[in-house]
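The values are calculated or read from the model by the stated rules, or taken from the named source; none is laboratory data. Because the structure is predicted, anything quoted here is derived from the model rather than measured. Ideal geometry is used to build each Cβ from the backbone, glycine not excepted, and the neighbour counts take in all protein chains shown. The area values use the complete protein model at the heavy-atom level, side chains included, leaving out ligands, DNA and RNA. Shrake-Rupley method; radii C 1.70, N 1.55, O 1.52, S 1.80 Å.
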Amino acid sequence: MAVDTEAQFHVLAVDDSLIDRKLIERLLKVSSYQVTTAESGIKALELLGLRGEQSTSPSPSSSSSSSSISTNQQEIEVNLIITDYCMPEMTGYDLLKRVKASSSLKDIPVVIMSSENVPSRIDRCLEGGAEEFFLKPVKLSDMNRLRSHLLKGKSQVQENEIQQNQDDQKPKDENGEVSSSNSLNCKDSKRKSREIEEELSSPERKRQRFPSSSLVVET
């Protein structure tokens, strides 16, 4: 049963080193995760749908364990991102910031990897929202540490989706026909109240309460 649950998780692994990328992909697959790989932070943004310009040709180094990824504005849903820190053009920290700045992706857990044990770098990534910082070479035991972040991230995404659906329904309920009808009923009620008050307070109305024809004089 645990394997079935873990198989639902999709991890995006980002590393410019082919050897390291293949290693992390194998470790994740052994742990029963679905894996998509990217050779750069820029490619990862394309897969996540965070870049305006898209590549016109597929990248040979991007792969998925269950399906091929098209680069024609393809967006993938992932439960966790694990990325190398030192990469050309865009570092793992820069990728982390882009993900956390996205309203739709900010709840996806991000794990940073590096072959250099630099405390200031580690602190900056953790303060920037990274869940973990792994030192290379990544080991199979590190994959077990991902499970809690995957569960937490998936739960948070589901909660946000439910809340978003509820928020999408509120404007229709509050500003739709029900609200318009209530507003009209309220206006009609106030108008009728004013008319009744004016009618009761008018001299003509007071005199009409006791018309002369209704009085009988006995002789």
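Against the list (1) within 22 Å of residue 9 (Cβ to Cβ); (2) modelled with pLDDT under 95, the condition residue 71 fails is (1).
Could you check, for segment 113-127, whether at least one of its residues is within 19 Å of residue 35 (Cα to Cα) and modelled with pLDDT of 95 or more? Yes, that holds for at least one residue.
Just wondering, is there one or more residues in segment 160-179 that are part of a helix (DSSP H, G or I), touching a strand residue (DSSP E or B) at 6+ places or on another chain (Cβ under 7 Å) and either under 25 Å from residue 17 (Cβ atoms) or modelled with pLDDT under 95 (or both)? No, segment 160-179 contains no residue that is part of a helix (DSSP H, G or I), touching a strand residue (DSSP E or B) at 6+ places or on another chain (Cβ under 7 Å) and either under 25 Å from residue 17 (Cβ atoms) or modelled with pLDDT under 95 (or both). Looking at this structure, is residue 107 among the charged types (D, E, K, R), open to solvent by 60 Å² or more (accessible area, probe 1.4 Å) and more than 19 Å from residue 30 (Cβ to Cβ)? Judged against the criteria, residue 107 is not a match.
Just checking, which of 51, 21, 98 is modelled with pLDDT of 95 or more, farther than 22 Å from residue 143 by Cα and surrounded by 15 or more Cβ atoms within 10 Å (Cβ to Cβ)?
98
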